[in-house]
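The values are calculated or read from the model by the stated rules, or taken from the named source; none is laboratory data. What you see is a predicted model; the values in this text were computed from it and never measured. Virtual Cβ from ideal backbone geometry, glycine too; neighbours counted across all protein chains shown. When the accessible area is computed, the model is the full protein with side chains, heavy atoms only, and any ligands, DNA or RNA have been set aside. Shrake-Rupley method; radii C 1.70, N 1.55, O 1.52, S 1.80 Å.
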Amino acid sequence: GDHRDLHRLIRRQRQMCIRDRYLPVDTKYLSEEFKERLLEKLGELGNLDDLIDGILIKSENWQALNLILEKYREKIKCIYIDPPYNTGNDEFLYKDKYQHSSWLSMMYDRLQFAREILKDDGVIFVSIDDNEIYRFQEISSFLINYLGTFIVQAKVGGGSDNKYLVPEHEYVFLFGKNKERIGYLWAKPSEEYLNSFRYEDKKGKYYLDSLEKTGIDIRRPNLRYPVKVPDGTEIWPETIWRLSKEEFERRLALDEIEFIYNKKDKLWKIYTKTYYKGKIRPRSLIKKIGYTKKGNQNIKDLFGGLTYRYSKPSELIKWLCGIDNIISGTFNNFILDFFAGSGTTAHAVMKLNKEDTGRRKYILVEMADYFDTIIIPRIKKITYSFNWKDGKPQDADGISQIIKYHYLEQYEDTLHNIEFPNEEKGQKVLQLFDKDKEVSEYVMKYMLKFETEGSPSLLNLNGFENPFEYKLKIISSGKGEELVNVDLVETFNYLLGLKVHRYKFLNTPSLRDTPLKKGNIKRKYVVVLGERDNRRTAIIWRPTKGINLEKDKEIIDKVLNGFDPDEIFINGDSFVKGYKPIESEFKKLMGV
């Protein structure tokens, strides 16, 4: 054909290549206008919160759990955590060097949140080694019900420096919020188990078990009876049969008994058939899938080198999450990991969803800088392909994902942002914080309330006058002090516990009481529509300086037409009937 046909063919091939691949796009690098249009379009496809597959939060986990509590209260089906062990090494990023009692206190505080956030039939998996196993079991029993312990083979060999025993195992504790609601658990069979089903008939695959028990006390007359074999003779067990006579005859009628003649011994052997039913009860010993080196290999394959040590293998977490009644593939089943490390939990959930077309979702919390250097890149890579080697994809067999990620203000940022009207007093207060990290909660609250009175550092309600320009100084790793925008809209959604349905973005004429002499300034509106506690909720944000409230009401009434909210939150003053001021609600929810 001519050049037009050639160009058409090339375009079609390119379209096919892109259509068959999941190419990650990070909206962080796109314009604000594009992101707003994208959010509006996604909202037309369905409730935004239902469309999101994963949420990533960079934060100390106590703060993150506190933030998401209202939104996800009693909505999380499964929690998996691999907390830092109390080894005293410098990789433990939590404040100071946690001694034994402090480590337990840290875990207790977070398990309190875990209990509140779990569904009634929810469970918690905790990976742990020998350092804190017994004491942890003690504190956890006050909050959640202990269901059992998995022993995971974490490595084979090594340990030449160990004086006594070479540890090759770790533990995974299993806890449940309400034992009565969890029901029976069923696990995905291992390859070793599947390979044991060596025989097959019209009813399916099966393996054989000897009818006779050996090494058993024979004083059980109901299990000693003659069995007629195919040549007409009757044989008795040397010890006892495993089935009663009634059960044997029932299984015989179902063709679940097999007779095999051993020519060498000239004896009949009798077996029961056990058919493969697709699932088994979980076993406490986990072999082959829990090796730490496999977790490290996951990272090497993805990034072409080892950028994170002691990563849990994705297959282990996938197997745990794949236990039926734990977190099935049902729509909106959440798994939470608030010690996310290298992001293995997200990897495992994505892989599990790929295998069974499930719709599980994940929430990850991590405070370390590898949130940006490992977790986010890892999820982007897996979106494109599950198969990597030396940092290169081996195929394009990935999975579609919509991910939302946040950065929370940290404890150090809060102190860094404190402003004291009396500079001399302020220096003394900061010196006290610097010298004594264990300053009491009472002293901290007193000083932050009275010595910083008038400071915008903790919650500057005056900043709500222009909510899209609210800023905060943070201490950024490698960048020093940095001034960043605070997303008041998203923060308020979390504080309210709002399930977001859709966003609307408007740029209207300035709506000033007095006309502007020059320029054509627009006033931006951000409208959030959603629900909480079965109430339809609308939230309206806009700059309020110099606003004409009558025209403002007309715009709000128009944008809410057809939604019929049960409650409306608006920042600043408004003529809208029955509205609730965002500022007072924000302050109350922040506990200020």
Can you tell which of LYS273, LYS269, LYS205 is open to solvent by less than 60 Å² (accessible area, probe 1.4 Å), assigned to a strand (DSSP E or B) and among the charged types (D, E, K, R)? LYS273
Output the strands (runs of 3 or more DSSP E) that fall wholly within region 519-592 and possess 2 or more residues being open to solvent by less than 70 Å² (accessible area, probe 1.4 Å) and touching a His at 6+ places or on another chain (Cβ under 8 Å), or say none. 522-532
Anything in region 209-234 that is assigned to a strand (DSSP E or B) and either at pLDDT 95 or above or exposed (fewer than 15 other Cβ atoms within 10 Å of the Cβ) (or both)? List them, or say none. ASP209, SER210, VAL227, LYS228, GLU234
Filtered residues of region 166-189 (kept if open to solvent by 60 Å² or more (accessible area, probe 1.4 Å) and touching a residue at least 60 places away in the same chain (Cβ under 8 Å)): ARG181, TYR184, TRP186, LYS188
Identify all residues within region 299-319 that are under 12 Å from GLY391 (Cβ atoms) and either of a type outside the set (A, V, I, L, M, F, W, C) or surrounded by 20 or more Cβ atoms within 10 Å (Cβ to Cβ) (or both); write none if there are none. ILE299, LYS300, ASP301, LEU302, GLY304, GLY305, THR307
Looking at the structure I just gave you, is ASN296 surrounded by fewer than 23 Cβ atoms within 10 Å (Cβ to Cβ) and part of a helix (DSSP H, G or I)? yes
Residues satisfying the stated conditions in region 556-586, i.e. more than 14 Å from GLU465 (Cα to Cα), touching a residue at least 60 places away in the same chain (Cβ under 8 Å) and not aromatic (Phe, Trp, Tyr): GLU585
